[in-house]
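Since the structure comes first, as structure tokens, the remarks are kept for the end.
The values are calculated or read from the model by the stated rules, or taken from the named source; none is laboratory data. Treat the numbers as computed from the prediction; the structure is a model and nothing was measured. Positions of Cβ are backbone-derived with ideal geometry, glycine not excepted, and every protein chain shown enters the neighbour counts. To get the accessible areas, we keep the full protein, side chains included, count just its heavy atoms, and leave off ligands, DNA and RNA. Shrake-Rupley method; radii C 1.70, N 1.55, O 1.52, S 1.80 Å.
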Amino acid sequence: MTFALSLAGCGTQTVPGKLPGQQPPVATLTAPTLQPAVPAVPQKPANFVDVKGKIDVALLLPLSGPTAALGRDMLDAAQLSLIELGGDDMVLTPKDTHGTAEGAVAAARLAVAEGARIIVGPLTASEADAVKPIAQAAHINVLSFSSVASIAGNGLFLMGILPREELTRIASYARSTGIDHFAAIVPNNTYGQLAADEFGRAVAAAGGTMDDTEVFEPGGADLKPVIKHLAANGKFTFTALLVPETGPKLKNVVSQLQLADINQQKVRLLGTGIWDVPDLGNEPSLIGGWYAAPPPEARAGFQDRFRAAYGHAPARLATLAYDAVGVAAVLGRTPGADFSAAALTNPSGFAGADGIFRLREDGTAERGLAVLQVERTGASVVSPAPESFGGEAGQ
């Protein structure tokens, strides 16, 4: 399957097919063919890079430090995107942030000095927030990989998938199936609190009722008191329960829910995008649960081409780098290479490796998400992602 990020034409609300003049499918290329596509990654972001009049897309990633492996996969995905969509007059200049705010600042300053037209990255909210004033002063827009909505705006756009997008989608779908009473059990941390707040708003907007929200200590092994309180308060009037956890912690929670007779036969378990992992069905009590995520068919095409080019499966977040560089590449092919906020927030949006999306004026991203059901061997789509957006993007 070949997939290309594309930009909708002005005046429509659909996401069109591939651009004319697209490069051959990457699946037909070999990894050595990819190597000359961008300049070698500098070991230190201290050397000036001469882009020789080309359109410079600066890519800020952690290419050293604890998250270097993720950074390298995202760099590979970015190169893939450039090959598929970038014109001959575009160059990608990677900069190592070392995974720190200080490193991101140094990388951003170098990017500005080299004449970058747009900055893609950095990875985390703290790095992106530190880069923001540098980019603002240089009148350069930033496509960050963060999903922390509070830092967005004023030239900083988020490619990360926001929890509120996932929770709005899952609450709306659950409500459409007849579920009207909801509850949540969330970890006592920033993510858990955010999920609880956003889910409450999403349920209300969908016309449902939140019966209860319980909070547990993420490091605590014994959840019996919290779950007992949940069961007593709800008295099983709720028929859907949000559990925004992942990994062993998620399995611990659902196993103890089972012991309290809160199971999929009585209560539909709901999750966020952190459920979007391949081995979730290994936990029998999660089978049948629902979560919202990008459409898997779009990602599958990207994964196949990435594996063919580099010989291994990409990290989950690599799609963000592919799509962000794809946005820059598509806009770089328009007359004048327009990277303005108006161009970035085209209401028709883009189609990429994580499905359709569009950037809002407030800097956040609106996503076309599917609803998936946990199965023993993976996940199945129970509600497909939309193929186009209607109307203006929300604020």
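Answer with yes or no whether residue 226 is touching a Ser or Thr at 6+ places or on another chain (Cβ under 9 Å), open to solvent by less than 70 Å² (accessible area, probe 1.4 Å) and farther than 21 Å from residue 362 by Cβ.
Numbers: touching a Ser or Thr at 6+ places or on another chain (Cβ under 9 Å): no; open to solvent by less than 70 Å² (accessible area, probe 1.4 Å): yes; farther than 21 Å from residue 362 by Cβ: yes.
Answer is no for this residue.
Looking at residue 104, is it over 30 Å from residue 212 (Cα atoms), not β-branched (Val, Ile, Thr) and not in a loop (DSSP other than H, G, I, E, B)?
Working: over 30 Å from residue 212 (Cα atoms): yes; not β-branched (Val, Ile, Thr): yes; not in a loop (DSSP other than H, G, I, E, B): yes.
Yes, satisfied.
When residues of region 177-192 are filtered for being touching a residue at least 12 places away in the same chain (Cβ under 8 Å) and more than 20 Å from residue 265 (Cβ to Cβ), how many remain?
Here is the first cut: in region 177-192, the ones touching a residue at least 12 places away in the same chain (Cβ under 8 Å) are 179-189, 191-192.
If we keep only those that are more than 20 Å from residue 265 (Cβ to Cβ) too, we end up with 186-189, 191-192.
Qualifying residue count for the region: 6.
For region 356-383, name all the residues that are among the basic types (Lys, Arg), under 29 Å from residue 250 (Cα atoms) and assigned to a loop (DSSP other than H, G, I, E, B).
Going through region 356-383, the residues among the basic types (Lys, Arg) turn out to be 358, 360, 367, 376.
From what's left, under 29 Å from residue 250 (Cα atoms): 367, 376.
Residue satisfying the conditions is 376 alone.
Considering only region 104-131, how many residues are open to solvent by less than 30 Å² (accessible area, probe 1.4 Å) and either in contact (Cβ under 8 Å) with a residue 40 or more places away in the chain or of a type in the set (D, E, K, R) (or both)?
15
How many residues does region 107-147 contain that are at pLDDT 95 or above, within 19 Å of the chain's Cα centre (by Cα) and not acidic (Asp, Glu)?
Result for region 107-147: 15.
Restricting attention to region 297-307, does a residue exist that is part of a loop (DSSP other than H, G, I, E, B), buried (at least 17 other Cβ atoms within 10 Å of the Cβ) and not aliphatic (A, V, I, L, M)?
Let us first name the residues in region 297-307 that are part of a loop (DSSP other than H, G, I, E, B), namely none.
So far as region 297-307 goes, no, none of its residues is part of a loop (DSSP other than H, G, I, E, B), buried (at least 17 other Cβ atoms within 10 Å of the Cβ) and not aliphatic (A, V, I, L, M).
Taking residue 222 and the conditions (1) acidic (Asp, Glu); (2) closer than 16 Å to residue 166 by Cβ; (3) more than 26 Å from the chain's Cα centre (by Cα), which numbered condition does it fall short on, given that it satisfies the others?
(2)
Where in region 196-281 are there strands (runs of 3 or more DSSP E), lying fully within it, with 3 or more residues that are under 27 Å from residue 378 (Cα atoms)?
On the way: elements: 209-216, 240-242, 268-271.
Passing ranges, in order: 240-242, 268-271.
Only one residue in 170, 140, 185 is β-branched (Val, Ile, Thr) and in a helix (DSSP H, G or I). Which one?
Details: 140 fails: in a helix (DSSP H, G or I); 185 fails: in a helix (DSSP H, G or I).
The match here is 170.
Taking region 77-103 on its own, how many of its residues are open to solvent by less than 30 Å² (accessible area, probe 1.4 Å) and more than 24 Å from residue 134 (Cα to Cα)?
Residues that pass the stated criteria total 10.
Is one or more of the residues making up region 326-342 under 15 Å from the mean Cα position of the chain (by Cα) and crowded, with 17+ Cβ neighbours inside 10 Å? Even if it seems obvious, please write down each step before you answer.
From region 326-342, those under 15 Å from the mean Cα position of the chain (by Cα) are 326-327; that's our starting set.
Next, only the ones that are crowded, with 17+ Cβ neighbours inside 10 Å stay: 326-327.
Yes: one or more hits.
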